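Notes follow the structure.
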Amino acid sequence: MVQNSVSRLVPVEINGIKQTPFMGVDKHKPSGPKAAPPIRSCSGYPKDGNKIIGSLQKALKKCGLKDGMTISNHHHFRNGDLVMNQVFDIAANMGVKGLRWFPSAAFPCHKPVIDHIKNGTIDWIEGSLNGPLGDFASKGGMRGTGVLRSHGGRWQAVQDGEVHIDIAIIAAPTADEFGNATGDRGSSACGLLGFGLVDTLYADKVIVVTDNLVPFPCVPWQIQGQNVDYVVVMDKVGDPEKIVSGTTKLTRSPDRLYIAELTAKFVQAADILQDGFSFQAGAGGTALAFAIYLKEMMKDAGIKARFIRGGSTKYLVEMLEEGLTDFILDGQTFDLDGVHSMRENSGHVDTSPFTSYNWHGKGNFASMLDVVVLGATEVDVNFNANVVTHSDGRMLHGIGGWQNCLFSKCTILPIPAFRDRIPIIVDEVTTLVGPGELIDVIVTERGIAINPLRKDLIKATKNSGLPIRKIEEIKAEVDDLIGGAPEKPELTDEVISVVKWVDGTVIDSIFKVKE
C-alpha cells in the first residue's frame, strides 16, 4: 500500500496487475498505442451472413469459454436484465472457474451471482455494484479485489489495455442474423446500447442475444454486425419496465423538493441560465425535481437550451417536445418515455461513453456542459465527495458517469444535510470518489455552500437573496442538531475494492467492514 497524492492508502497491485496511484487531477498522462482485438477474416464467417446459433450454451462453447476468462455486458436493462444470470448458470454447469465479470453495472436482479462467487465460477467483479452484490463484497465475499470505474473510466480501461475482454454478451432488443442490433425497438426496447459499444470493438468474441430477430438489415444499428461472432435468439432478454429503479424516481419529500428548487434558483442567480446553455441532471429523485423547476424558469424567461445531456427521463423528453432544447444527447434511457423518444424523435440522439466521458479521447461532451446536477452519499468540508459507500462503510452504489460529469463548467450537488439522522456533511468522506477542487456548490435544505475556489460564483450570487453559507457552518448546525459528528465506520485493513479515477489511476480503497 502507498499513500497517493490526496493522502489515501491504495494498493500498488490489484489482482496481479501493477497500478498507478492517483497523482492529481490531469496529472497522469499515459502514452503509447491503444489496445486492439485480434484480426479476423471474413472466410471464417458464413458468407450468407447468418450467424445464428442454437443456444446461449452453444455460443459460449463456440467462444471457447474457459477458466479465468473475462466476461462483459452492458447494463441498459438495469434491474430488468434477464441474460447474465443465465450466462453464469451455464458457465457453472460447464464447470468453468475463476471468471472475472466486467459489467458496466450490476443491479439487485443479479443477486444470484453471489452463489456463483461462492461456488468458484466467478472470482471477482469489476463494475458498479448496486445493492446486494455490493453488500456481499463489503463483507469480503469476493476472492479478488473489486474495481469501481466511471462509465468513461470503463471505456478508458478497455481502450488502454487495462482490461481485456474475452467474451462480450450484448443483450439486444432487436437484431438481425448478421449481428446488427439496436435497443430502441422491439418488445424489450431499452433505448440504446452505447455502454456495450466498447465491448464489441475490443472483445475477442461477441455474442448478440435478442428476442426480436428481424430480416437483414436491422436499422438503425447501434451495434455493428461486423464486430459480432454469434447471434442467439431467446424468448426474452430483458424487462424494460424495470429500467426504472429506485434512484430514478422523482422525490416526494418536501425537503428534497425545496433543495431542488434552491438548486434551480442558484443556476438562475449565477447567470448560467442563458439562451443556448446546456445542462445534465443525474437520475436521483432530487436531480429529477431540479429539471422540473428549471423547465418552468426556462419557459418564464423564454430561454432555450442547445442540448441536454441524458440519462433521459420523461421530464427531459417533455422539454425536447416543448421546444425548450434542440437536442438530448443521451447515454441511457431511465424510463419508457425516454425509450419511445429515442426511437421517434430525431432530436433525441444516442451516444456512448466514448463521445461523452472517455478521458483518454480527443475531448468529450462532459466538459462542454454549462452545469451538471448530481447526487452524493457524503461530502466533506473540503468539498470532496463520495457516491459509492455509506457512512457505515458498505459499498452499495456505483459511480456511473458521476466522476466524468465533474468536469462541467459548474458542478452542483443538491443533497439533504442528513439522512436517517446521519449527517451527510462530514470532516472526511469515507471513500473519496470526486476531488473537492471539481465540486463547486453544495445545496442543502439548510443553505447553499459555494467552494471558495469559485470566486466567480460567489460574486455572481452575492446579492441574490439565496441562503448562501460556509459549508463549515452548515455542518456545525447539523452536528449540533444530531448530537455530534457521526462515528467512523468500523473497518478492517483488508481492501475489498478500489475506486479508479477517470484516467485509470487509483484514487481510493474500500475496506472490508467489521461484522
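The values are calculated or read from the model by the stated rules, or taken from the named source; none is laboratory data. The structure displayed is predicted, hence computed values, not measured ones. Neighbour counts run over all protein chains shown; Cβ positions are idealised from the backbone, glycine included. Heavy atoms of the whole protein, side chains included, go into the accessibility calculation; ligands, DNA and RNA do not. Shrake-Rupley method; radii C 1.70, N 1.55, O 1.52, S 1.80 Å.
Descriptive notes on the structure:
- Between L56, L82, the distinction of being touching a residue at least 40 places away in the same chain (Cβ under 8 Å) and open to solvent by 20 Å² or more (accessible area, probe 1.4 Å) belongs to L82 only.
- The stretch 488-512: number of residues that are over 14 Å from E378 (Cβ atoms) and open to solvent by 60 Å² or more (accessible area, probe 1.4 Å): 3
- Scanning the stretch 264-322 for residues that are at positive phi, of a type in the set (D, E, K, R) and open to solvent by less than 50 Å² (accessible area, probe 1.4 Å) yields no hits at all.
- Residue check, A289 aliphatic (A, V, I, L, M), farther than 27 Å from G146 by Cβ and at pLDDT below 95: yes
- Qualifying positions in the stretch 400-413 - closer than 20 Å to V498 by Cα and open to solvent by 10 Å² or more (accessible area, probe 1.4 Å): G400, G401, W402
- Total residues in the stretch 366-379 satisfying the condition of being surrounded by fewer than 19 Cβ atoms within 10 Å (Cβ to Cβ) and either hydroxyl-bearing (S, T, Y) or in a strand (DSSP E or B) (or both): the figure is 1.
- Test: residue in the stretch 434-455 that is in contact with a His (Cβ under 7 Å, 6 or more places away or on another chain) and polar (S, T, N, Q): no
To keep it simple, each residue is scored yes or no on (1) modelled with pLDDT of 95 or more; (2) under 19 Å from the mean Cα position of the chain (by Cα); (3) assigned to a strand (DSSP E or B).
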position	(1), (2), (3)
A91	yes, no, no
K97	yes, no, no
H116	yes, no, no
D123	yes, no, yes
F136	yes, no, no
W155	yes, yes, no
H164	yes, no, no
I169	yes, yes, yes
G186	yes, no, no
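- Candidate set: the stretch 348-365, residues that are part of a helix (DSSP H, G or I) and among the hydroxyl-bearing types (S, T, Y); chosen: the one farthest from L294 (Cα to Cα): T355
- When residues of the stretch 384-395 are limited to those that are touching a Ser or Thr at 6+ places or on another chain (Cβ under 7 Å) and either among the charged types (D, E, K, R) or open to solvent by 10 Å² or more (accessible area, probe 1.4 Å) (or both), the one farthest from E487 (Cα to Cα): V387
- Subset of the stretch 214-263 that is under 15 Å from A172 (Cα atoms) and assigned to a helix (DSSP H, G or I) - its residue that is most open to solvent (accessible area, probe 1.4 Å): N227
- Among the residues of the stretch 175-194, the ones that are within 12 Å of V233 (Cα to Cα) and surrounded by fewer than 23 Cβ atoms within 10 Å (Cβ to Cβ) come to 1 in all.
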